[in-house]
Amino acid sequence: VQLQASGGGLVQPGGSLRLTCAASGRTLSTYGLGWFRQAPGKEREFVAAVSRTGLTTSYAEFVKGRFTISRDNTKHQVYLQLNRLGYGDTAEYFCGAGQRFQGVGIEAHEYDYWGQGTEVTVSS
């Protein structure tokens, strides 16, 4: 499956963005999906994940209710709504798809496919 992430950009502190990850090649409904991010000089870290049906989600502690992950299996897309962005959210955001776990996957090594990343920069 090929994943294409989009929606990143430059935003002021407190602002919002909506990231979209579109899949082609295979239906997404059989994959658990997740968003991870990687800041310069840091390791890739888990942000949010959603189960195949969309009924179960999981978030990193630092999200603190600011982000929302959702998916639309009819459109083969997964979304990440980013609200109340802060400087610490500046990073490249990646979407991943995996089948080797039940429910949600919170570890990068659990994912089989990755998109190319979309850059989010929070700056005043």
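With a 1.4 Å probe and every protein chain kept in, tell me what percent of the accessible surface of the range 51-123 is carbon plus sulfur.
49
Excluding ligands, DNA and RNA, the accessible surface per residue across the chain is 50 Å² with a 1.4 Å probe.
Multiply the residue separation of residue 16 and residue 119 by 0.36 nm, subtract the distance between their alpha-carbon atoms, and state the gained length in nm to one decimal.
Additional length available on full extension: 35.7 nm.
Here, the chain is characterised by an Rg to Rh ratio of 0.94, where Rg is the alpha-carbon radius of gyration and Rh the Kirkwood radius.
Here the relative contact order of the chain, from alpha carbon pairs under 8 Å that lie six or more residues apart, stands at 37 percent. When only the Cβ of Lys, Arg, Asp and Glu is charged (+1, +1, -1, -1), the dipole of the chain relative to its Cα centre reaches about 300 debye.
Could you check how much of the accessible area of the range 1-41 is carbon and sulfur, as a whole percent, using a 1.4 Å probe? Carbon-and-sulfur percentage of accessible area, whole number: 48.
Taken along the Cα-to-beta-carbon direction at a fixed 7 Å, the label points for residue 87 and residue 60 span 1.8 nm.
The values are calculated or read from the model by the stated rules, or taken from the named source; none is laboratory data. Note that the structure is a prediction, hence the values are computed from the model and not measured. Neighbour counts run over all protein chains shown; Cβ positions are idealised from the backbone, glycine included. Ligands, DNA and RNA are stripped out before the accessible areas are found, and what is left, the full protein with its side chains, is counted by its heavy atoms. Shrake-Rupley method; radii C 1.70, N 1.55, O 1.52, S 1.80 Å.
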